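A short write-up of the structure that comes next.
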Amino acid sequence: MHIDIFTLFPAMFEGPLTESILKRAQENAVLSLSLYNIRDYTTDRHHITDDTPYGGGGGMVMKVEPIVAAVESVLGDRLGQTPVILTSPQGRVLTHQIALDLAGHERLAIICGHYEGVDERVRQLLVTEEISIGDYVLTGGELPAMVLIDVLTRLLPGALGAPDAAQNDSHAIGLLEGPHYTRPPQYRGLSVPEVLINGHHARITRWRREQALRRTWQRRPELLLSARLDNADQNFLAQLAEEDAPPPS
Ligand code: 9D3
């Protein structure tokens with residue numbers, strides 16, 4: 001997958017994209033990224049990228065001309081067949097399913113909003129999808145763009161070690177995971193559960209499933225409504241429900 005990123009702050013991307021899995025994905029040509037500074041596409045003497053809003057009110061609005069010039073000059077004929085994503089608080093909240101849909105494209109463009117937002121004509125002329133990463137206020141769309149790139153990269157064939165590593169996520173997202181342990185077996189009076197040490201593969205599998213169900217019941221009970229549950233799962237949950245009610249969501 002190739003991603004063109006349009007931002008006023010390209011340096012923000014340097015750290016996160018040059019480490020770990022994102023670094024390896026680029027080395028292995030699974031992912032390629034190009035960063036474009038919107039300021040480079042201004043034509044005025046002072047390279048102005050933002051201005052005060054028509055109608056008044058606080059804050060600054062990103063100007064339309066430099067953004068359109070940047071995206072048109074980079075995408076050229078591919079504009080129209082390339083999803084152009086705007087990171088914005090008004091967008092659809094990113095989910096695993098949205099990421100799966102976007103990961104099917106060979107090429108994407110991301111415009112990073114900043115300040116109070118972008119001139120509406122950027123949406124009218126360029127944007128095909130608007131994405132938020134959650135209901136909290138950030139300083140700009142750069143971190144959301146990096147989050148999106150991180151999510152997408154894990155879904156690209158060959159980005160992770162095992163070929164089906166990303167497939168397991170769809171199951172992991174259905175239920176929360178239970179506890180994990182590694183050595184030592186005792187630490188400050190806290191023991192690793194016996195079943196994990198003496199196990200019996202089938203007992204371990206069942207125990208892990210029950211821990212996942214218990215944690216989901218306690219923390220994210222709404223996830224159980226769409227999880228695929230077999231009879232053993234249903235019985236275990238009925239047992240939990242007798243012990244105590246889930247916390248209010
Ligand atoms: C919604 C808040 N707006 C009215 C007070 C002003 C505003 C604040 C911060 C507008 C944009 C921003 C910068 N945030 C983003 O660009 C952004 C964002 C976010 O703040 N939260 C979650 N996802 C995203 S994606 C882009």
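Within the range 55-81, track down each residue that is open to solvent by 10 Å² or more (accessible area, probe 1.4 Å), touching a residue at least 40 places away in the same chain (Cβ under 8 Å) and touching a Lys or Arg at 6+ places or on another chain (Cβ under 9 Å). Matches in the range 55-81: 64, 68. Being of a type in the set (Val, Ile, Thr), open to solvent by less than 80 Å² (accessible area, probe 1.4 Å) and at pLDDT 95 or above is the requirement here; does residue 42 meet it? Spelling it out, residue 42 is indeed of a type in the set (Val, Ile, Thr), open to solvent by less than 80 Å² (accessible area, probe 1.4 Å) and at pLDDT 95 or above.
Within the range 85-110, which residues are within 15 Å of the ligand (Cβ to nearest atom) and either among the aromatic types (Phe, Trp, Tyr) or crowded, with 16+ Cβ neighbours inside 10 Å (or both)? 85, 86, 87, 88, 89, 91, 94, 98, 99, 102, 110, listed by residue number.
If we scan the range 14-26, do we find a residue that is touching a residue at least 40 places away in the same chain (Cβ under 8 Å) and among the β-branched types (Val, Ile, Thr)? Walk me through it before giving the result.
Pass one, the range 14-26, residues touching a residue at least 40 places away in the same chain (Cβ under 8 Å): 16-17, 21-22, 24-25.
Among the residues that remain, those that are also among the β-branched types (Val, Ile, Thr) are: 21.
Yes, the range 14-26 has at least one match.
Residues of the range 123-144 that are closer than 20 Å to residue 69 by Cα, open to solvent by less than 50 Å² (accessible area, probe 1.4 Å) and not charged (D, E, K, R): 126, 127, 141.
Among the residues of the range 111-123, those that are within 16 Å of the ligand (Cβ to nearest atom), over 18 Å from residue 57 (Cα atoms) and assigned to a helix (DSSP H, G or I) comprise 122, 123. Tell me yes or no: at least one residue of the range 111-122 is of a type outside the set (Asp, Glu), surrounded by fewer than 17 Cβ atoms within 10 Å (Cβ to Cβ) and farther than 26 Å from residue 51 by Cα. No, the range 111-122 contains no residue that is of a type outside the set (Asp, Glu), surrounded by fewer than 17 Cβ atoms within 10 Å (Cβ to Cβ) and farther than 26 Å from residue 51 by Cα. With a requirement of 2 or more residues that are within 17 Å of residue 115 (Cα to Cα), the helices (runs of 4 or more DSSP H) lying completely within the range 1-89 that satisfy it span 64-75. Scanning the range 124-134 for residues that are more than 7 Å from the ligand (Cβ to nearest atom) and out of contact with any Ser or Thr (no Cβ under 9 Å at 6 or more places or on another chain) yields a count of 4. Return a yes/no flag: does the range 48-63 have any residue that is closer than 21 Å to residue 120 by Cα and away from the ligand (no atom under 16 Å from the Cβ). Yes, some residue in the range 48-63 is closer than 21 Å to residue 120 by Cα and away from the ligand (no atom under 16 Å from the Cβ).
The values are calculated or read from the model by the stated rules, or taken from the named source; none is laboratory data. The shown structure was predicted, so the numbers you read here are calculated from the model rather than taken from an experiment. We place every Cβ from the backbone using ideal geometry, glycine too, and count neighbours over all the protein chains shown. With ligands, DNA and RNA removed, areas are computed over all heavy atoms of the protein, side chains included. Shrake-Rupley method; radii C 1.70, N 1.55, O 1.52, S 1.80 Å.
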